[in-house]
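The values are calculated or read from the model by the stated rules, or taken from the named source; none is laboratory data. What you are looking at is a predicted structure, and each value in this text was computed from that prediction instead of being measured. Positions of Cβ are generated from backbone atoms using ideal geometry, with glycine treated the same way; all protein chains shown enter the neighbour counts. Just so you know, the surface numbers come from the protein's heavy atoms only, side chains and all, with ligands and any DNA or RNA stripped out. Shrake-Rupley method; radii C 1.70, N 1.55, O 1.52, S 1.80 Å.
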Amino acid sequence: MTMTMTQIDNDPDQIDRKTCRYICDAVGERLQQSMRPEPALSSRLQQLLEEMQRRESDQH
């Protein structure tokens, strides 16, 4: 059974654009909060990474 656009527009279970926008905005805000950048590396770990990069470049 194929529904026409009129049938979809009159469907009481469908949400309007304004409500959809609010939901999308709320989801976006939550994602931004939960996906904050990780803190900077510790100075020791940063030193180790730099040393590893130096050694790799010395090999090439």
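How charged is the neighbourhood of Ser57? Take every other residue with its Cβ under 14 Å from the Cβ of Ser57, and add Lys/Arg as +1 and Asp/Glu as -1.
So the surrounding residues net to -2.
Starting from the residue with the highest accessible area, list Asp11, Asp16, Asp58 in decreasing order, probe 1.4 Å.
Reading off the accessible areas and sorting them downward yields Asp58, Asp16, Asp11.
Please report the accessible area of Arg54 (heavy atoms, 1.4 Å probe, ligands and nucleic acids excluded) in Å², nearest 10.
About 120 Å², ignoring ligands and nucleic acids.
How much length is gained on full extension from Glu38 to Glu56, taking 0.36 nm per residue of separation minus their Cα-Cα distance?
3.9 nm
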